[in-house]
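**Q** Here it is, the structure, as structure tokens.
A short reminder: the numbers here are calculations on the coordinates, not readings from a lab. As the structure is a prediction and not an experimental result, all values here were calculated from the model. As a convention, Cβ positions derive from the backbone with ideal geometry for all residues, glycine included, and neighbour counts pool all protein chains shown.
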Amino acid sequence: MEDEENITTDVPETSEEELEEVNIDTSEDIETEETPERDIDKEIEERANQLFEEKVKDRLDRYKKSEKENLRKYQYLEDIVKAGTGTDNLDDAINEAINFYKGNGLEIPEYNNYSEEDERILGQARAKDFLKSSYKEIEAEANRIASIPREQRTIREIEEFNILGAELTRQNNIEKMKSKGYDTSILETQEFKDFSNQFNDNTDISKVYEMYKKLKDIDTKPASAGSAKSEKQPKETFSPERINEMSPDEMLKYWNNPEFRKIAGLN
């Protein structure tokens, strides 16, 4: 027992100098991951587009819901009137209801269906209300009507669509002219409007303007012997349809042709 109590374990002591030499450097093992630079402007634009799409969808959903709800109410009202008058069709039900209320001394307004002119006026009013909105809202409403089959559109919708379409075209034309550095005030002149109406709707307005400028230069110059000679080329047959399908370069080729000018209404 005495021997066991005297057993000791020798543990080497570490000096303060040796402890100071123990320096664990982990700086090389830790890699800092760089945060990619965010495109704030792009994120703002994407969020704005998302909010707009949500706004348009919400507006269309509310419009459709309101239309369906009104239709259900009208159908329910029709069922009530039919049941109350003992009839099975709407026209008879209306006549019976009119006779009943008139028999009780009430004045019933005459049936006043909207005329085509009234429908156009209502379509114009709705379009003018949209013209106060942003480009995207105008475009969304025009696309909504465009999604309706042409033969199913009402007079009111057709009138609204024509006005909104013209406004979208006007704004697009302004942007195209600006992108080329052209003066946009020319778009409002009657002479240029008459000229541009000769082209297909798909023709780039900047191309129309470039041709317009070329032709204006030709008209201000005296006819040369060469141009007079070119007018004596073999007679060609023109039609409004053919002229309407011509490219600006083709129209420029025949600009001094009397037959072309006559058919195009330029004389």
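**Q** In the structure displayed, which of Lys180/Lys216; Lys132/Lys213; Lys42/Lys65; Lys207/Lys262; Lys64/Lys176 lie more than 28 Å apart, Cα to Cα?
**A** On the way: Lys180/Lys216 19 Å; Lys132/Lys213 34 Å; Lys42/Lys65 34 Å; Lys207/Lys262 23 Å; Lys64/Lys176 35 Å.
In this structure, Lys132/Lys213; Lys42/Lys65; Lys64/Lys176 exceed 28 Å between Cα atoms.
**Q** Could you give the dipole magnitude of region 54-110 about its Cα centre, charging the beta-carbon of Lys and Arg +1 and that of Asp and Glu -1, in debye to the nearest 20? Present the calculation step by step, with values, prior to reporting the outcome.
**A** On the way: 11 positive and 13 negative charges, 111 e Å.
With only Lys, Arg, Asp and Glu charged at Cβ, the dipole is about 540 debye.
**Q** Roughly speaking, what is the stretch gain from Gln190 to Lys207, that is 0.36 nm per residue apart minus the C-alpha to C-alpha distance, in nm to one decimal?
**A** On the way: separation 17, 0.36 × 17 = 6.12 nm, distance 1.79 nm.
Full extension of this stretch gives 4.3 nm more.
**Q** Something else now. Using the C-alpha gyration tensor of region 54-110, what are the square roots of 5 times its eigenvalues, in whole angstrom, with the largest one first?
**A** 34, 13, 7
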